[in-house]
Amino acid sequence: MKFFIRTLGCKVNWLDSARISAALQSAGHIAADDEAEADTVLVNSCTVTAEADRKSRQTASGALKQAKQVAVMGCGPRAAQEQGAQWQAGESQVFADEEALLRHFGVDTDTLFYPLRTSRTRLPVAIQSGCDNQCAFCITRIARGRHRSLPAEAIVEHVRQAVGLGVKEVVLTGINLAAWGCSDSNRAAESRLPELLRRLLKETEIPRIRLSSLGPEFLHPEFFEVYADERICDHLHLSIQSGSPAILMAMQRGHGLEEIHLIAQQARAVRPNSAFTTDLIVGFPGEGEAEFEETLTMVRAIGFAALHVFPFSPRVGTPAARLPGQLETAEKKRRAAILRQLGEEQRRAFIASQLGKPHQVLVEKGGWGQTGNYIRVKMGPMAQPGEIQTVVLSGDSSSTR
C-alpha cells in the first residue's frame, strides 16, 4: 500500500504522524511523496476548536472525492469517543485508537517506533503527552487523555539515535511540555524539565535542543540555569492566550501576567538575544475593548518576536462555548487583524535588533537556515543542509518570516 498522511493541528500531531509513518513503513507500506500517488490517505485530525474540527472533516471528505481509501485518526475521533459520540466524515474509516489503526494495516503494535529521519537538520522528540488542566476553551484534556511523562532513559536513547543519524537539532515536544516529571500537570512546582535537559546535555552530543510550547507557570529559576547553555536554542514559545488578567482567569489558565514578565527578565539575563513567541486568542467571551487593550499592552511590554493569533472559536463540549458575552465574528476578526499587525511590526523590530550580531545558523534545504532564536537566514550557495555555520546577520540575509 502507498499511503500519504495529511496532518492538521499542533506539533504533537505532526510528531504522531511521523511515528505512524515509520510504523507503516516497517510493515512494508510505502510513503508517497504526493497525495495523488497514494492508495490510502490518513487524516490526522485536530479538534481543538470547532473550526479545526470542520477542517478535519473537510480534509477527509476531499480525499474521498478523489476515490481514495481514507482513514481518520487523531484528536477528533478520540474526543468524540470520550464524549459518547462517533466522529464521521462520509465513508472514511475512523480510528479512535492508534493501536487499532496500526493493527488494521498489519503493524506489530508491540514494537516502539521512533519517527524516521527525514532530513539532516531537525527531528521532533516526544517527551510528554496528555494534560490534566481544565482550560475553559480547550478539549485537549479529553482528546489526549491524562498527563504522562515519557521515561528519561527512552528520551535520551531517542536523541542518541538521532545524533547517530546525523540530526543536528531535536525539538522536544509535548502537549504540556514543561510539565515533564510532574505527577499531575496542575502541579507546576513538580516540573523536572531542567533535570531532563541536563541529562540530554551531559549524555548526548546533540548540537542543538529546541523547546516547543511551554506553560509559563512551569518555568522556575532552575530552568534558567540550564537555559543558559548555548546548546539550548534561545527561543521560548510561551502558551499565554491573553494579556488580560480577567480573561486569563475566565480561561482558567493557571497563570497570570507576573510570570510572563519574570520569564522575559530571567531569560534575557542569561541569553540577551532570546526570542519570545506566543499563542493568543482574541474575542474570548467577555473580552471588551479594555481587556483587548491589555493584551496589546502586554505584547508591547514583552517585545515578542512573533505572534500566533487565533479568533476565539467556540468548541462544543467546553465551558467557554456556554459563557455569556460571546462576540460577533466580525469583531473577533477585527481584533485578530490588529494584533497580527502588531506582531508583524514586532517581528521586524526583533530582527532589526539582531543585525550585525553573530549567530549559529543550522542550514536547511533550499538555501535557507535558522538561528537558535528563530530567524530565517539566506545562506550562501556552498552551504550544505545539516551544517551549523556562524553568520553575522545583515538586512540582506535575514527574513521577516
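Quick grid of which residues meet (1) more than 24 Å from L327 (Cα to Cα); (2) of a type outside the set (S, T, Y); (3) touching a residue at least 12 places away in the same chain (Cβ under 8 Å); (4) in contact with an Asp or Glu (Cβ under 8 Å, 6 or more places away or on another chain):
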position	(1), (2), (3), (4)
L236	yes, yes, yes, no
S239	no, no, yes, yes
E258	yes, yes, no, no
R271	yes, yes, yes, yes
G283	no, yes, yes, yes
E294	no, yes, yes, no
M298	no, yes, yes, no
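Checking each residue in the stretch 264-287 for being touching a strand residue (DSSP E or B) at 6+ places or on another chain (Cβ under 7 Å) and closer than 19 Å to G372 by Cα picks out A264, A267, S274, A275, F276, T277, T278. Taking the criterion of being of a type in the set (K, R) and exposed (fewer than 14 other Cβ atoms within 10 Å of the Cβ), would at least one residue in the stretch 340-354 satisfy it? So far as the stretch 340-354 goes, yes, one or more of its residues are of a type in the set (K, R) and exposed (fewer than 14 other Cβ atoms within 10 Å of the Cβ). Applying the condition of being among the acidic types (D, E) and touching a helix residue (DSSP H, G or I) at 6+ places or on another chain (Cβ under 6 Å) to the stretch 187-228 and asking which residue is nearest to T390 (Cα to Cα) yields E205. Taking the stretch 298-338 as the range and being part of a helix (DSSP H, G or I), touching a helix residue (DSSP H, G or I) at 6+ places or on another chain (Cβ under 9 Å) and open to solvent by 70 Å² or more (accessible area, probe 1.4 Å) as the test, only R300 passes.
Filtered by the rule that a residue be out of contact with any Leu (no Cβ under 8 Å at 6 or more places or on another chain) and either under 24 Å from V171 (Cβ atoms) or buried (at least 21 other Cβ atoms within 10 Å of the Cβ) (or both), the stretch 1-10 gives T7, L8, G9, C10. Please determine whether any residue of the stretch 363-372 is open to solvent by 60 Å² or more (accessible area, probe 1.4 Å) and part of a helix (DSSP H, G or I). Yes, the stretch 363-372 has at least one match. State yes or no: is E217 on the phi < 0 side of the Ramachandran plot and open to solvent by 60 Å² or more (accessible area, probe 1.4 Å)? So E217 does not fit the description; no.
A single member of Q384, Q341 is without any contact (Cβ under 8 Å) to a residue 24 or more places away in the chain, assigned to a helix (DSSP H, G or I) and more than 26 Å from R271 (Cα to Cα), and it is Q341.
If you go through the stretch 197-214 and keep only what is open to solvent by 10 Å² or more (accessible area, probe 1.4 Å) and at pLDDT below 95, you end up with just S213.
Specify the residue that is least open to solvent (accessible area, probe 1.4 Å); the eligible residues are those in the stretch 245-279 that are within 23 Å of A136 (Cβ to Cβ) and among the small types (G, A, S). Once the filter is applied, the top-ranked residue is G256.
Give the residue that is modelled with the lowest pLDDT, with candidates limited to residues of the stretch 11-60 that are open to solvent by less than 60 Å² (accessible area, probe 1.4 Å) and touching a Cys at 6+ places or on another chain (Cβ under 8 Å). In this case the residue turns out to be V48. If the condition is being assigned to a helix (DSSP H, G or I) and in contact with a Ser or Thr (Cβ under 6 Å, 6 or more places away or on another chain), then the stretch 13-44 contributes N13, W14, L15, S17. Answer with yes or no whether A178 is crowded, with 17+ Cβ neighbours inside 10 Å, modelled with pLDDT of 90 or more and aliphatic (A, V, I, L, M). Yes. In summary, A80 fulfils each of the numbered conditions (1) in a helix (DSSP H, G or I); (2) at pLDDT below 85; (3) open to solvent by 20 Å² or more (accessible area, probe 1.4 Å) with the single exception of condition (3).
The values are calculated or read from the model by the stated rules, or taken from the named source; none is laboratory data. Bear in mind the structure is a predicted one, so any value in this text is a computation, not a measurement. Note that we place each Cβ from the backbone using ideal geometry, even for glycine, and neighbour counts take in every protein chain shown. Protein only, heavy atoms only, side chains kept; ligands, DNA and RNA dropped before computing areas. Shrake-Rupley method; radii C 1.70, N 1.55, O 1.52, S 1.80 Å.
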